[in-house]
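Following: one structure in structure tokens, then a few remarks.
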Amino acid sequence: MAINGIYAGSFDPITNGHLDIIHRALKIFDTVYVSVIDNIEKDPLFSMDERINLISNSIQSDRIIVEGFQGLLVDYARKKNIFNLIRGLRAVSDFEYEFQMSLTNRSQDPRIDTVFLMTEQSYSYLSSSIVRQLAKLNGNISDYVSDYVRIKLKEKFNGSKRIT
Ligand code: COA
């Protein structure tokens, strides 16, 4: 029986830290669903379709499925019939929030478990908002995102062009 996992997040945009977690997750799970939340509260820079496109162009594997979802993560997990959630831990400071989310999700459905993977040390301070800020102010982001994401961030902040 295949063992699948869901790695959910905003991915606005996907960073090398997220990619590192996906690579690690592929060593454990047969298929990894990279699930992009349509989170209007966060007012994302990239639309959901754009974020899906950025992920699909940053990592390729027939064991990765990239798709969007709305609403509660547990409802999405139930629909998929996958009860393994994947989360990355960057530093001890992530733990409390992750612990709370993990237990909340399990309180909604006891079948849910969360697998925590520690990110590469060099990405331990990375976040999507840091990448957005650097890109906006013309900082060097080449160590933090894929070439595709770097180009699309440049286009975004230089106006005009849209992601195709
Ligand atoms: N490398 C780089 N950055 C990372 C990272 C890693 N390994 N892990 C986390 N981050 C960053 C993200 O880029 C993000 O940065 P930003 O705030 O600058 O955008 C930040 O850490 C938080 O990321 P994350 O914890 O993934 O939050 P999220 O908002 O992207 O996604 C969901 C969280 C989608 C899993 C959660 O909100 C959810 O489940 N929502 C659905 C609603 C629901 O079910 N709510 C109840 C849950 S208890």
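How many of the residues in region 8-40 are more than 9 Å from the ligand (Cβ to nearest atom) and either crowded, with 19+ Cβ neighbours inside 10 Å or in a helix (DSSP H, G or I) (or both)?
10
Which members of region 41-57 meet the condition of being in contact (Cβ under 8 Å) with a residue 24 or more places away in the chain and within 13 Å of the ligand (Cβ to nearest atom)?
Of everything in region 41-57, those that are in contact (Cβ under 8 Å) with a residue 24 or more places away in the chain and within 13 Å of the ligand (Cβ to nearest atom) turn out to be 42, 44, 45, 46, 51, 54, 55.
Take the conditions part of a loop (DSSP other than H, G, I, E, B), at pLDDT 95 or above and closer than 27 Å to residue 3 by Cβ and apply them to residue 52. Does it pass?
no
Please work out which residue is surrounded by the most Cβ atoms within 10 Å (Cβ to Cβ), limiting yourself to region 58-89 and to residues that are more than 10 Å from the ligand (Cβ to nearest atom) and free of Cβ contacts under 8 Å to residues at least 12 places away in the same chain.
Selected residue: 79.
So which residues in region 99-145 are touching a residue at least 24 places away in the same chain (Cβ under 8 Å), more than 9 Å from the ligand (Cβ to nearest atom) and basic (Lys, Arg), if there are any at all?
Selection gives 111 alone.
Is it fair to say residue 74 is aliphatic (A, V, I, L, M) and modelled with pLDDT under 95?
So residue 74 fails the test.
May I ask you to list pairs of residues, at least six apart or on different chains, whose Cβ atoms are under 7 Å apart, with the first in region 4-24 being free of Cβ contacts under 8 Å to residues at least 40 places away in the same chain and the second being within 8 Å of the ligand (Cβ to nearest atom)?
9/18; 9/37
Quick check, is residue 157 touching a residue at least 12 places away in the same chain (Cβ under 8 Å) and more than 22 Å from residue 84 (Cβ to Cβ)?
yes
Just checking, does region 139-146 include any residue being hydroxyl-bearing (Ser, Thr, Tyr), at pLDDT 95 or above and not in a loop (DSSP other than H, G, I, E, B)?
no
The values are calculated or read from the model by the stated rules, or taken from the named source; none is laboratory data. Quantities reported herein were computed from a predicted structural model and do not represent experimental measurements. With ideal geometry, Cβ positions are generated from the backbone for all residues, glycine too; neighbour counts draw on all protein chains shown.
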